Every structure is written in structure tokens, then in C-alpha cells.
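Novice: Pasting a structure here, questions to come.
The values are calculated or read from the model by the stated rules, or taken from the named source; none is laboratory data. A quick note: this is a predicted structure, and the numbers were derived from the prediction, not measured. Backbone-built Cβ (ideal geometry, glycine too); neighbour counts: all protein chains shown. Just so you know, the surface numbers come from the protein's heavy atoms only, side chains and all, with ligands and any DNA or RNA stripped out. Shrake-Rupley method; radii C 1.70, N 1.55, O 1.52, S 1.80 Å.
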Amino acid sequence: MTSSAPIVEINDLTVTYPGKTVLSQLSLQLLPGTIYALLGGNGAGKSTTLSVLLGFTRPNAGTVSVAGLVPWSAPEQARAQLAYLPENVALYEHLTAVENADYLLSLSGRRHGAAAIADALRAAGLQQSAWHQRLSGFSKGMRQKVAIAIALMREVPLLLLDEPTSGLDPGASAEFHALLEPVRARGTAVLMVTHDLLGAADIADRIGVLDQGRIVHEVDRTDVDLNALHAHFAGREARA
């Protein structure tokens, strides 16, 4: 891990809706070049945490910064510092992998040449024969590779992943986790919300279990006890 300033810093974050507290004094730090896996059952507050970081939800209390910016005060500037991959990646079905990358990068103001796009698709593990195929015929795993390539080319300090391995078989999940290694190596911070406990233990530098809007168990990768982690996670899921 690096000693640089955190890319994400959340302190005592509280979000409430009428009759319900979704996040309760949540605190979390994410350093450059690290992967943090946030585990939790349905309703634990994972999606709301992402919504706050994206600037879509303004909290009732607490402080949040993304690369030094407050997401709800400067949403466009904060979003320019991150790439977000939802559970179902939103790409254009009628465009090829190369065309998707070229178009979406141009929208973000970071257009690259054909050689750079090819390098990114290759680094993301997408076979060359698929580069000029329309995405309408792609599997979920192939779509994620295109999205990872685009995220790599944006060169942002933060990557947000929402259930990235949902619906993937074990082999495709392992492939996806392997794609995160070069992302981490280049100094990008990754926040991954997931139900995949084993995958989190395999790739994440730090793991937190979210329950009723706060982290109730947190451990470094080197200290992971799968039995203890499973007990925490299974207990929270059973109550979700």
C-alpha cells in the first residue's frame, strides 16, 4: 500500500430517508493502488454508498471526498475523477468494441487513437477477433472487458464496481479479477461492492462487511480468516 493521500475518504456518513436510516456514521478510506471490497446483503447500504460517491445522493451528515472533491458540491468535477462500472454495463449494442471505446472516450474528453484503443482492449483480455464485432453478440464477460479497457484509457484515480462478477461463471469471475491487477498496479483505487466473498478475499487489499449502514467487520488481505469472514457475512445476509 502507498502512503499517499486517500482517493476516497468517508467520515461519519449518514443518509436517512423517511422512516429509515440507510447509512449510519459510515467511515471508510481508500488509498491509491488499493482494492477495497465492500460486502453486504440487500439493503445493507452498498448502493447508497456508491450513489453518494457519484454525487447523486446528498447525505444528512458526515463528510466525503473523492480525489479531494465533495461529490454533491462539485458533481461534474468529482465524476471526472472516476470510472463507474454498474452491474449491467451500459454500452452501445450496435457499435463494435473499438467504436464504443472511441465514442465513450470522446464524450469524456479523452479521445485516443486506434493503436491506443487496440492496446487497451488487448490489456483487458478481449480477443482481437472481437474488436470489430458489434456488442449485441457479446457475453457479459466480454462487455466487462470493453468497459475495463475504457476505464484504463480514462486514466482516472478511482474505479467504482457494482457487483462486477454477478452472473459470471467461476472462470469468468477469475478472469475479471485478474483484469484488476493492472488497474491497481497503475495506482488506481478500486472500490468494489459485491456478494462474492471468495473473490473479494482473492483480490482485495482490504475487506469490509456492511450491515445496517455501517461497517461491522473490516480486515486486511493478509489477515483474512475465511471462516470468520463468512460468519460475519452470512449472519448479516440472513438478517437482510
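Novice: For Val8, tell me the accessible area in Å² from a 1.4 Å probe, rounded to the nearest 10.
Specialist: We get 0 Å² for Val8.
Novice: While we're on this one: How big is the charge dipole of the stretch 1-108 about its Cα centre, in debye rounded to the nearest 20, if each Lys and Arg gets +1 on its Cβ and each Asp and Glu gets -1 on its Cβ?
Specialist: Result for the stretch 1-108 is approximately 400 debye, rounded to the nearest 20.
Novice: Something else about it: So for the stretch 1-56, what percent of the C-alpha to C-alpha distances run longer than 13 Å?
Specialist: 65 percent
Novice: May I pose another question? Let me see the P(r) profile for the stretch 1-110: every Cα-Cα distance counted, bins of 5 Å, each bin given as a percent of all pairs.
Specialist: Each 5 Å bin holds this share of Cα pairs: 2, 10, 18, 20, 18, 14, 9, 6, 2, 0.
Novice: With Cα extents along the principal axes in Å as the read-out, I listed [x] 58, 37, 31; [y] 48, 40, 37; [z] 62, 39, 34; which label goes with the value calculated from this structure?
Specialist: [y]
Novice: Return the carbon/sulfur percentage of the accessible area of the stretch 94-208, one whole number, probe 1.4 Å, all protein chains in place.
Specialist: The value for the stretch 94-208 is 52 percent carbon and sulfur by accessible area.
Novice: Let's see if you can work this out: charge +1 on each Lys and Arg Cβ, -1 on each Asp and Glu Cβ, no other charges. What is the dipole magnitude of the stretch 45-146 about its Cα centre, in debye to the nearest 20?
Specialist: Dipole about the Cα centre, nearest 20: 160 debye.
Novice: Mind putting a number on the dipole of the chain about its Cα centre? Charges go on the C-beta only, +1 for Lys and Arg and -1 for Asp and Glu, and I need it in Debye to the nearest 20.
Specialist: The dipole of the chain has a size of about 480 debye.
Novice: Here is a follow-up. Per residue, how much accessible surface does the chain expose to a 1.4 Å probe? Answer in Å², no decimals.
Specialist: 45 Å²
Novice: Pop out the Kirkwood hydrodynamic radius of the stretch 54-131 from its pairwise C-alpha distances, inverse of mean 1/r, in Å to one decimal.
Specialist: 14.8 Å
Novice: Can you give the % of DSSP beta bridges in the chain that are antiparallel, to the nearest 5?
Specialist: Antiparallel bridges: around 55 percent, rounded to the nearest 5.
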